[in-house]
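Q: Quick one: structure below, then a few questions.
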Amino acid sequence: MASDGHDHDPSETKEWLDSIESVIREEGIERARFLLERLSECATRDGMPLPYTMTTPYRNTIPPNDEVKMPGDLFLERRIRSLIRWNALAMVVRANQTGDDLGGHIASFASSATLYDVGFNYFFRAPNKDSEKCPNGDLIYYQGHIAPGIYARSFLEGRFDKEKLENFRREVGGEGLSSYPHPKLMPDYWQFPTVSMGLGPMQAIYQAHFMRYMSARSLVPRLDRKVWAFLGDGECDEPETLGAINLAGREKLENLIFVINCNLQRLDGPVRGNGKITQELEGSFRGAGWNVIKVVWGRHWDPLLAQDKDGFLQKRMDEVVDGEFQNYKAKGGAYTKEHFFGKYPELQDMIAGMKDEEIFNLNRGGHDPYKVYAAYRQAAGHKGQPTVILAHTVKGYGMGDAAEGKNEAHSVKKLDMESLKGFRDRFDIPIKDSELEAVPYYRPPEDSPEMVYMRKRRETLGGFMPVRTENKTPLDVPELSAFKSQLEGTGEREISSTMAFVRLLTSLVKDKNMGERVVPIVPDEARTFGMEGLFRQLGIYSSEGQLYEPVDFGQMMYYKEEKKGRILEEGINEAGAFSAWLSAATAYSVYDKAMVPFYIFYSMFGFQRIGDLAWAAGDCQAQGFLMGATAGRTTLNGEGLQHQDGHSHILANTIPNCVSYDPAFAFEIAVIIQDGLERMYKNHERVFYYITVMNESYKHPAMPKGAEEGIKKGLYLLKPAEKVKAKKPLHVQLLGSGTILCEVLEAQTILANDFNIQADVWSATSINELTREGRKVERDNLLNSKKKPKSAYVTTCLEKTAGPVICATDYMKQYSEQLRAYMPTDKTFVTLGTDGFGRSDSRENLRRFFEVDRQFVVLAALSALVKDGELEASVMQKAQKDFGIDPDKLDPLYH
Ligand SMILES: Cc1ncc(C[n+]2csc(CCOP(=O)(O)OP(=O)(O)O)c2C)c(N)n1
Ligand SMILES: [Mg+2]
């Protein structure tokens, strides 16, 4: 036993090694694996701790003998790749020559050109109706900042002309090329927004998962479609990148392939200078049940590795840290000779006679098309597991002294003459010295062998990529009358708006025409929202079905998992559940079939938690419903500071195509959802909905006649004031939303009964929508000064009314304050809202604390009348005293 790490009996070691090698040779890998498993089982049975490792040696997973040979023309492919490299570089350099400093990246694509090229030449299938195996095309998540490389390919393919390339990062006022993949800006081209690190990989995992859901439910056939996600090694430090890899392993998502470009560097410097990122990632992915393929070394290393009988080369490869590997490329062959091979005499002997240049040219796996092809081929055919390919590359490959392996490589956008020449010569670009300074684009003649070859490859794979398509078949959306029970109100029964929504959802999923498209999604919170009844009715999607009898089996609402289940219950994982929603919400494009996802979540753990993904949803032009449940700072009473949401509507409004509502009553919810279905699934408006629902129970009235339009626009007169006894009664206009509308209705009664004031009550279903319409009108007026100025909808609603306007919601004052710009000029406007941190208490106490209860609404109304000179201050002061509102009360904003 070699407790000190040294081998004290090499001949015994050799016997063991020879035996296992002979088994591999004679009987194959599976037999060898079996024997090793039996050995380890035998050893551990007697209590022997086995060496614990999740990693394999630092070398290629696929040995040279097992590599499937790349069938194409290596020479022509290198030529094409070189031209793509050049044009990508030219695009960025030229964009920064103008003095506009538009930015862009060269070094990242330089390191990953081969990884993409092999994919484009052999693997990525474009959407093509004639394809049997993959009619909708493979899904590729490109690393965001390598976009120039993809544009450069499209240029060579003839999809873009030079003018288009000149518009890289120039998108205002024309057809530019977006800085990164943005479907919003290039809707026929990019499918997925990926540039916010971590979001691409996470979306890719849930896409593969959702793909299985779609086929399990027989909505699309289960074919051989793949999701390829390209990501950076630095990007793997984002929790989102690795956060969902367990799901992919558990769900055996063999339709998913990650390609991680391990160039060992991120923006500032090495990813793991003191360690090995490839090894670290191998352990993580293997532990999560993935098939890991390391592509560490290029084929020039093969002869050396074949000579490495004593394992010194492998030992050296294993022990060198990434920071040092970076040096080998940044400092060249002589340095590598001395510092890598120089460590052991055996290695010095091995390379005796090799020139510095030959040493430098010992290539890394990710730059060797043969190695990359072999890995992709294996990954594409692998069954029962997702695959990750860890490709070792060099950041700034080919950029020479300007960037290659340098810490500053990431941000290099300009190249000096020497580096330009070096790049040109290394990749044989036919541009003369005299022209080099202008860094011109280059495209060979259409009939040149490389152009013909490239087109042919893409034809074989169904056409050009990337490409984004949309299915515009309208869904048969139910009429509003289908939601009769919501429109009629609950009579004397008190229910929450969440319950009202769940009932609506339950009837929608049963809709004969479009019910099957509805996808309810929850992050382990269905019971909180009273949705457990749906478990049994719809089933919870599980690729395994249900391998156990659920503990509550036999009960009305038992926890039913099934292969064809419709509910996506994603566990305590808001980012994951949102990603699943995102896949469903873009199914009209990605699956050529519109789906209607409803993601129901704790509103506080919505935008606040996954804001960047929600922004990406806007970019993706997602369609669907986000339901922020248990919303409202004072409505969710007991949960306290981290749970009580008073700002999700403010966050929702930051996303231009997110339409948000804060309804109070069942009929409002029905009108909003029915309108949303029509706008999104019939009229193809690329918007998505955010609707808050709450957990306070109260009676829901029937829909007042003619309220529909106002509900959609964001404001309607819910309950006009009844006449009071006074000769010349005072008037106020009370606006409210969500549950606070109930307080406003109570205030109406108090004002009438105790103060003889007539208050009209308006339901403000969406202050955000009112504001957007106001902004639009304001802008139209500014730009069309010759025309008669128009009035904002909210202004029109209020200008003919009498008295000041008070607006109260369960959200920060800033939410209602948006309306101030559109108040009729003579109106005093007072807002009440829930600024400050939440805290747990009863609803009553919270509303008093945050100053949004009925008495505060009354007080605000009285104060506005005093300000308008309509009322004696003493009336208000007396009211304050009677209500017990202490002038020195703590301010919730500062307390
Ligand atoms: C969430 C987020 N944070 C920061 C950035 C800025 N950023 C863009 S690329 C990059 C470095 C990427 O390194 P790596 O993932 O290793 O990719 P490489 O360019 O090396 O292939 C950073 C920090 C970003 N795009 N997104
Ligand atoms: Mg990197």
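The values are calculated or read from the model by the stated rules, or taken from the named source; none is laboratory data. Predicted, not measured: the structure shown is a model, and the values here were computed from it. Cβ atoms come from the backbone with ideal geometry, glycine included; neighbour counts cover every protein chain shown. All accessible areas refer to the heavy atoms of the entire protein, side chains included, with ligands and DNA or RNA removed. Shrake-Rupley method; radii C 1.70, N 1.55, O 1.52, S 1.80 Å.
Q: Explain nothing, just compute: Karplus ³J(HN,Hα) = 6.51 cos²θ - 1.76 cosθ + 1.60, θ = phi - 60°, for every residue of segment 124-136 in order, whole Hz, x for Gly and Pro.
A: 6, 8, 7, x, 7, 4, 7, 6, 7, 7, 8, x, 8
Q: Taking a probe of 1.4 Å, how large is the accessible area per residue of segment 90-236, in Å²?
A: Each residue of segment 90-236 exposes 29 Å² on average to a 1.4 Å probe.
Q: If you count, for each residue, the other Cβ atoms within 10 Å and average over each peptide, how do 882-893, 52-63, 704-715, 635-646 line up from highest to lowest?
A: 635-646, 704-715, 52-63, 882-893
Q: For segment 789-833 and segment 700-746, write down the distance between their C-alpha centroids in whole Å.
A: 14
Q: Then there's this: Rounded to the nearest Å, what's the spacing between the alpha carbon centres of segment 528-575 and segment 107-140? Just the number, please.
A: First find each Cα centre; the distance between them is then 36 Å.
Q: log10 I(q)/I(0), Debye, Cα-only the chain, no solvent, q = 0.05, 0.07 Å⁻¹?
A: -0.37, -0.68
Q: State the percent of C-alpha pairs, over all pairs in segment 671-811, separated by a distance greater than 21 angstrom.
A: 52
Q: Counting only protein heavy atoms and a 1.4 Å probe, tell me what percentage of the chain's accessible area is made up of carbon and sulfur.
A: Solvent-exposed carbon and sulfur of the chain make up 51 percent of the total.
Q: Still on this structure, please answer the following. So, for segment 349-507, what is the accessible surface per residue at a probe of 1.4 Å, expressed in square angstrom?
A: 45
Q: Using a cut-off of 12 Å between alpha-carbon atoms, which aspartates and glutamates can reach Lys723, once sequence neighbours fewer than 8 places away in the same chain are excluded?
A: Asp760
Q: Which value in nm describes the separation of the simple spin-label points at His300 and Glu30, placed 7 Å from the Cα toward the beta carbon?
A: Between His300 and Glu30, the label points sit 3.9 nm apart.
Q: Going by average Cβ density within 10 Å per residue, which order do the peptides 29-39, 504-514 take, highest to lowest?
A: The packing order, highest mean first, is 504-514, 29-39.
Q: How high is the relative contact order of segment 797-870, given as a whole-number percent (alpha carbon pairs under 8 Å, six or more residues apart)?
A: Averaging sequence separation for qualifying contacts and normalising by length gives 36 percent for segment 797-870.
Q: Could I ask something else about it? Accessible area per residue of segment 581-730 at 1.4 Å probe, in Å²?
A: 31
Q: What percent do you get for the relative contact order of the chain when only Cα pairs under 8 Å and 6+ apart count?
A: 11
Q: While we're here: For the ranges 647-657, 572-582, what's the packing order if you count other beta-carbon atoms within 10 Å of each residue, average per peptide, and put the highest first?
A: Final packing ranking: 572-582, 647-657.
Q: Among Asn65, Val519, Gly400, whose Cα projects farthest towards the positive end of the dipole of the chain, with charges put on the beta-carbon of Lys, Arg (+1) and Asp, Glu (-1)?
A: Toward the positive end, the furthest listed residue is Val519.
Q: Can you give the helix-only mean residue ellipticity at 222 nm for the chain, where every DSSP H stretch with n ≥ 4 adds -39500 (n - 2.57) and the sum goes over all residues, rounded to the nearest 500 deg cm²/dmol?
A: -12000 deg cm²/dmol
Q: Let me ask another. On a 0 to 90° scale, report how tilted helix 574-585 is relative to the longest principal axis of the chain, with both axes built from alpha carbons and the result rounded to the nearest 10.
A: 90
Q: Right, something else. Provide the FRET efficiency to the nearest 0.05 for the Asp18-Asp73 pair, computing r from the beta carbons and using R0 = 41 Å.
A: Efficiency, rounded to the nearest 0.05: 0.50.
Q: If the cut-off is 24 Å between C-alpha atoms, which lysines fall inside it for Lys727, apart from same-chain ones fewer than 8 positions away?
A: By straight Cα distance, Lys727 reaches Lys719, Lys800, Lys827, Lys867, Lys878.
Q: Non-local amide H neighbours of Ile62 (under 5 Å, H modeled in plane, Pro and chain starts lacking H): which ones?
A: Lys294
Q: Using the Cα centre as the reference, give the magnitude of the dipole from point charges on the C-beta atoms of the chain (Lys, Arg: +1; Asp, Glu: -1; all else neutral), rounded to the nearest 20 debye.
A: 2800
Q: Over segment 488-564, what number does the Rg to Rh ratio reach, with both radii from the alpha-carbon atoms and Rh per Kirkwood?
A: We get a ratio of 1.01 for segment 488-564.
Q: Can you compute the modelled spin-label distance between Glu685 and Lys510, with each label point 7 Å from Cα toward Cβ, in nm?
A: Taking the two extended label points, one gets 3.0 nm.
Q: Give me the distance between the Cα centres of segment 499-514 and segment 273-293, rounded to whole Å.
A: What the calculation gives is 45 Å, centre to centre.
Q: Given a cut-off of under 8 Å on Cα pairs at least six residues apart, what relative contact order in percent is computed for segment 736-895?
A: 23
Q: So, with +1 on the Cβ of K and R and -1 on the Cβ of D and E, and no other charges, what is the size of the charge dipole of segment 255-364 about its Cα centre, to the nearest 20 debye?
A: In debye, rounded to 20, segment 255-364 gives about 280.
Q: By a straight-distance test (C-alpha under 24 Å), which lysines pair with Lys421 as possible cross-link partners, with residues fewer than eight away in the same chain excluded?
A: Lys162, Lys329, Lys331, Lys355, Lys395, Lys406, Lys413, Lys432
Q: Counting DSSP beta bridges with both partners in the chain, what percentage is antiparallel, nearest 5?
A: Around 10 percent of the beta bridges assigned by DSSP in the chain are antiparallel ones.
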